[in-house]
Structure formats: structure tokens, C-alpha cells
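**Student:** Pasting a structure here, questions to come.
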Amino acid sequence: MAGVGLLATATLSACGNDNNNSGSSSSASASAGGASSASGVSCGSGTLTLAGSSAQANAISKWTKDYQTACSGSTVNYNPSGSGAGVTAFEQNQVDFAGSDFPLSADDQPKADARCGSGNKAINIPLVPGAIAVMYNVSGVSSPLNLSAQALAKIFNGKITTWDDAAIKKDNPGVKLPGTKITTFHRADKSGTSYNFSNFLNQTDAADFPAKANKQWPGSGGQGQNGSSGVAQAVKTTAGGIGYAEISYAQANSLPTAKVGNAKGQFVQATTQNASAFIAKAKTQQNGADLQLAFDYSYSDPSAYPAVLVTYEIACAKGNKSSQLPLIKGFLKYGAGDTAQGELPAAGYVQLPKNIQALVQSSVNSMS
């Protein structure tokens with residue numbers, strides 16, 4: 001049964017210590033305190049220290065290089081340590097803001113608020129969206145497989161165990177499917193990708209996948225692998241394997257990806273354009289500068305891919321150090337701007353839809 005699910009985010013390497021980058025951090029320079037560069041970029045002075053989601057690491061790396069080109073005199077360092085580690089670092093006042101593939105939890109919110117100072121609030125700012133691909137290794141199947149949400153829920157909860165199961169055949173009329181045993185692979189580490197994919201399965205078919213969304217994979221059976229790269233490699237080397245990861249990992253390993261069924265039974269390919277069509281229909285949950293996204297999984301546009309994630313920046317709405325505020329806002333404003341967002345699809349991410357981008361820009365502008 002489809003419903004509205006809170007998107008905790010996401011985008012193309014997994015939340016956790018996995019990274020699609022060659023390095024462990026990225027840095028950039030910016031110019032003096034709060035001034036605008038010739039290219040219109042708002043620059044601050046000093047050093048900005050960030051950590052968190054490895055899902056957004058490639059986007060952050062690209063943006064810091066661009067920011068350095070536009071600005072000089074300040075440094076931005078990002079450690080893709082994983083969403084959980086990033087949130088903890090933010091709560092402990094070790095970073096200026098953190099990236100997380102899911103919004104602050106009820107347990108983390110008061111800790112993050114306290115870090116921002118008495119009476120101040122920590123906020124979620126969605127910035128880097130992406131698609132979660134379903135990768136598989138099935139011999140003899142040349143065209144992309146169709147997999148309904150119901151079939152996926154049963155596969156990832158151990159209820160469908162062979163590739164010639166009647167439910168998969170129903171999704172793929174005329175396709176000769178082998179009787180190969182299905183081996184599911186999921187993230188062993190705490191992962192925003194797991195949170196979002198399990199949320200999709202639970203929201204679309206709670207009867208077959210009753211476990212609520214969780215960053216620690218909540219499904220039954222299967223084999224855990226560290227990082228999205230571990231999941232992709234396991235699928236690639238296992239006949240009958242299937243797993244989930246950000247689309248860049250499927251592409252890097254030359255793995256086919258399934259067309260995923262939406263609530264009305266339409267099968268949609270995992271592409272940045274199709275994920276954007278789904279994200280554009282997100283319902284915004286706004287409380288002051290805090291902005292979270294909720295998706296109606298009953299949305300059935302034939303071009304809308306329903307398994308998505310978004311990485312949020314966890315920051316202080318108020319209470320930022322005056323010496324850091326120009327650089328914090330300058331970098332976030334750049335990331336939320338047309339140039340930076342326009343660079344995301346080429347890197348395998350999804351650009352924020354214009355309606356959500358405008359709300360993000362408003363949230364950043366209100367920070368103090």
C-alpha cells in the first residue's frame with residue numbers, strides 16, 4: 001500500500017564511510033569576509049570545517065573547486081566520514097555544518113539544538129538529491145528487468161528466493177528467467193541509502209516489508225557488505241545477486257539496473273531525469289528555516305522514478321559564530337545556486353527542482 005514517506009536522504013555514494021572519491025576530503029578557497037567575487041559568489045574569510053555524508057562527497061569536491069576559482073583567501077575542508085559521524089561531529093561542535101542522508105532524528109534534534117546555543121535550533125537543508133538503483137546479476141537476460149515494488153519487497157525480505165518466481169515472471173512477460181537462486185546484498189554499515197531504500201519498500205508494500213525505515217538495514221536475510229562499493233562488487237561477482245546503491249556504483253561496475261515499478265504498476269528506469277521528476281512532487285515540511293521533504297509514493301507519473309534520496313546539510317539557523325557565518329552562508333548559497341545545482345546531473349546526481357531550490361535558498365539566506 002502506498003503512502004507518504006519522509007525522505008531521509010541522499011545522494012550517490014552511500015552514507016557511511018564509503019566514498020566514490022579518490023581522496024578523503026576536499027578543500028577550496030574563498031575571499032575576504034562576506035564580499036562578493038566578480039562572478040557573484042558570496043565569499044567569506046577563514047576556514048570552514050565540514051563532515052558527514054559520503055553520498056554528497058563528489059558534489060562537494062566539485063563545488064569546492066569551483067568556489068576556489070571564484071574566491072581566494074578562505075578554506076573549506078570536507079571529511080566524508082558518513083552521516084552518523086557527521087551529525088555527531090556537529091553536535092560536539094567539531095564542524096561548522098554536517099551532511100546527512102536523513103534529517104535529524106528525535107534523539108539527535110535536542111543535542112544539535114544545544115550545540116547551536118540556548119534557544120537556537122538546528123535545521124535540515126536538503127541540497128544534494130540522487131537515485132537509488134537496483135543492481136542485479138542474472139545470466140541470459142539482456143534487457144532491463146522490470147521489478148515491481150511488491151516483488152522487491154518480497155525479494156529483500158526473503159519471500160522470493162529464485163529468479164523464475166511467478167511474481168518476477170508476471171513483471172517480465174516473455175522474458176526467459178533462470179531458476180538461479182537469488183542472493184540479496186545490503187549495507188552492513190549504517191547507511192542513509194539503506195534508510196531511504198527501506199523507507200521506499202515499507203511505504204509501498206508494508207505487508208511484505210513491514211520493517212520501518214532504518215539506517216541499519218531492517219530487512220530479513222541477505223548478506224551485508226560494507227559501503228555501496230562492497231554491495232556493487234558482491235552483486236557483480238555473484239550469479240543471481242541483487243542489491244541497491246546509488247546509480248554511480250552500478251555504472252562504475254557495469255551492472256544493469258532494474259526498471260522499478262511505481263504505485264500504479266508503471267516501470268521506470270533509474271536515471272537522474274526520472275528521479276528528478278519524482279522529487280519535484282515532494283511535499284515540503286517547513287518550520288522556519290528547517291526544510292524537510294516527504295514523498296507520496298502513490299505518485300504514478302510514468303517518468304517518475306520512486307527510489308530516491310537527498311542529502312541534508314545540518315546547520316544552525318541562529319547562533320553561528322560571526323567569524324564563520326559569511327563563509328557558511330556563502331558556501332551553502334553557492335551549493336543551492338543555479339551554477340552548482342546545474343553541475344549535479346553530469347556527476348550522476350539529481351538537480352533540486354526549482355520550487356525546492358527556491359525554498360532552500362530562502363532557508364540559507366535567513367541563517368544568522
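Readers should treat all values here as calculations from the given coordinates under stated rules, not as data from a laboratory. This one's a predicted model, so the numbers in the text were calculated from it and none came from an experiment. Ideal geometry is used to build each Cβ from the backbone, glycine not excepted, and the neighbour counts take in all protein chains shown.
**Student:** Which percent of Cα-Cα pairs in the chain sits in each 20 Å bin, short to long?
**Tutor:** Each 20 Å bin holds this share of Cα pairs: 32, 54, 13, 0.
**Student:** Any idea what % of Cα-Cα pairs in the range 132-276 are farther than 24 Å?
**Tutor:** Across the range 132-276, Cα pairs with separations above 24 Å total 21 percent.
**Student:** So, in Å, what gap is there between the alpha-carbon centers of the range 230-301 and the range 100-156?
**Tutor:** Comparing the Cα centres of the range 230-301 and the range 100-156, I get a distance of 10 Å.
**Student:** Over the chain, what is the mean sequence separation of C-alpha contacts under 8 Å (at least six apart), divided by residue count, expressed as relative contact order in percent?
**Tutor:** 26
**Student:** Next question, about the same structure. How do the peptides 307-313, 101-107 rank, highest first, by the average count of neighbouring beta carbon atoms within 10 Å per residue?
**Tutor:** 307-313, 101-107
**Student:** With r as the distance between the Cβ atoms of Thr75 and Thr284 and R0 = 41 Å, compute the FRET efficiency 1/(1 + (r/R0)^6) and round to 0.05.
**Tutor:** 0.80
**Student:** Could I ask something else about it? Rounded to the nearest 10 degrees, what's the angle between the helix 325-335 long axis and the longest principal axis of the chain, both from Cα atoms, 0 to 90?
**Tutor:** 40
**Student:** Separate question: Enumerate the aspartates and glutamates that Lys212 could reach by cross-link, defined here as Cα to Cα under 19 Å, with residues fewer than 8 away along the same chain left out.
**Tutor:** Asp101, Asp107, Asp108, Asp189, Asp296
**Student:** What's the angle, to the nearest 10 degrees (0 to 90), between helix 354-365's Cα axis and the longest principal axis of the chain?
**Tutor:** It is inclined by approximately 30 degrees.
**Student:** Additional query: Pairs to check: Lys159/Lys181; Lys154/Lys259; Lys215/Lys259; Lys333/Lys354. Give those whose C-alpha atoms are more than 18 Å from each other in this structure.
**Tutor:** Lys215/Lys259
**Student:** Give me the distance in nm between label points sitting 7 Å out from Cα along the Cα-to-Cβ direction at Gln269 and Gln251, one decimal.
**Tutor:** 1.3
**Student:** Semi-axes, largest first, in whole Å: what does sqrt of 5 times each Cα gyration tensor eigenvalue give for the range 237-320?
**Tutor:** Largest first, the range 237-320 gives 29, 19, 9 Å.
**Student:** What is the Cα convex hull volume of the range 157-233 when expressed per residue in Å³?
**Tutor:** 98
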